[in-house]
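See below for the structure under consideration.
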Amino acid sequence: PTTWRRPVSFTVSRPGMAKDIVYFDLETRRTANDVGGWNHKDKMGISVAVTFSTALNEYRIYTEDDVQDLIKQLLRADLVIGFNHISFDYEVLMGHTIMDLKEQVQSLDLLVDLEKKLGHRIKLDALASATLGGLSKTADGLDAIRWWQQGEIVKIAEYCCFDVKVTKCVHEYGVKHGHV
């Protein structure tokens, strides 16, 4: 676990700037080892993806069968916020579209911004615990893959929804306080 405790400023959107902020996360069907390494994220498959839209004030749960609807929502958003979603989630989605989501979607990746400030990567769980005190992740990506193999889609959806909620809460804290 990280012992990082000092507040770190990071880029945030200001209220009124974006009409539809979409918080986003996805879980995969396979590990990097299953598909021949990290350079093949586009082959990892999607078990569940979750968004929360501030314009709609609702969560949406997608499976791989719904991936085109997910991509449309991301493309229409004024801003997509996630945690490591640019170099992971978008790469996974690239297996399902010809769009270059990194270039076509206005994004704020909290991990990227914090890594620049801190000089190292931090886990969402450590960030949430330090920032929000007591709110933390309920599982990890390997649990989600195991649940996929066991056919427990509801567990994956609950876990992914909670990760989106944690990301949203951390971002909102940063907007309100100017640091996390």
* Asked: Are there any pairs with C-beta distances below 9 angstrom linking a residue in segment 141-159 that is over 17 Å from VAL50 (Cα atoms) to a residue that is among the acidic types (Asp, Glu) and surrounded by fewer than 20 Cβ atoms within 10 Å (Cβ to Cβ), with the two at least 6 apart or on different chains, and if so which?
  -> ARG146/GLU152
* Given the conditions (1) within 16 Å of TYR62 (Cα to Cα); (2) open to solvent by less than 40 Å² (accessible area, probe 1.4 Å), report the number of the one that LEU118 does not fulfil. => (1)
* To do: Among residues belonging to segment 167-180 that are of a type outside the set (Val, Ile, Thr) and touching a strand residue (DSSP E or B) at 6+ places or on another chain (Cβ under 9 Å), point out the one that is least open to solvent (accessible area, probe 1.4 Å).
  => HIS171
* Filter result for the condition that a residue is touching a Gly at 6+ places or on another chain (Cβ under 6 Å), touching a residue at least 24 places away in the same chain (Cβ under 8 Å), over 13 Å from GLU27 (Cα atoms) and of a type outside the set (Lys, Arg), over VAL170, VAL175, VAL180, VAL166 -> VAL180
* To do: Sort out which residues of segment 85-110 are within 14 Å of the chain's Cα centre (by Cα), of a type outside the set (Ser, Thr, Tyr) and more than 24 Å from ALA55 (Cβ to Cβ), and write them in order of number.
  => PHE88, GLU91, VAL92
* Asked: Can you find a residue in segment 13-36 that is basic (Lys, Arg), over 27 Å from ILE145 (Cβ atoms) and at pLDDT 90 or above?
  -> yes
* Could you grab me the full set of residues in segment 70-99 that are surrounded by fewer than 19 Cβ atoms within 10 Å (Cβ to Cβ) and out of contact with any Lys or Arg (no Cβ under 8 Å at 6 or more places or on another chain)? => LYS72, LEU75, ARG76, LEU79, ASN84, SER87, HIS96, THR97, ILE98, MET99
* Looking only at segment 144-166, which residues are open to solvent by 20 Å² or more (accessible area, probe 1.4 Å) and over 18 Å from PHE83 (Cα atoms)? -> ARG146, TRP147, TRP148, GLN149, GLN150, GLY151, GLU152, ILE153, VAL154, LYS155
* Asked: Within segment 122-137, is even one residue free of Cβ contacts under 8 Å to residues at least 40 places away in the same chain, open to solvent by 70 Å² or more (accessible area, probe 1.4 Å) and touching a helix residue (DSSP H, G or I) at 6+ places or on another chain (Cβ under 7 Å)?
  -> no
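Tell me, which residue of segment 105-115 that is closer than 24 Å to GLN73 by Cβ and among the charged types (D, E, K, R) is surrounded by the most Cβ atoms within 10 Å (Cβ to Cβ)?
ASP109
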* Asked: Got a sec? Which helices (runs of 4 or more DSSP H) wholly within segment 57-108 have at least 1 residues that are of a type in the set (Phe, Trp, Tyr) and closer than 20 Å to TYR159 by Cα?
  -> 90-93
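The values are calculated or read from the model by the stated rules, or taken from the named source; none is laboratory data. Remember, it's a predicted structure, so these values are computed and weren't measured experimentally. Cβ coordinates were reconstructed from backbone atoms using ideal geometry, including for glycine residues, and neighbour counts include every protein chain displayed. These accessible areas exclude ligands, DNA and RNA; they are computed on the full protein's heavy atoms, side chains included. Shrake-Rupley method; radii C 1.70, N 1.55, O 1.52, S 1.80 Å.
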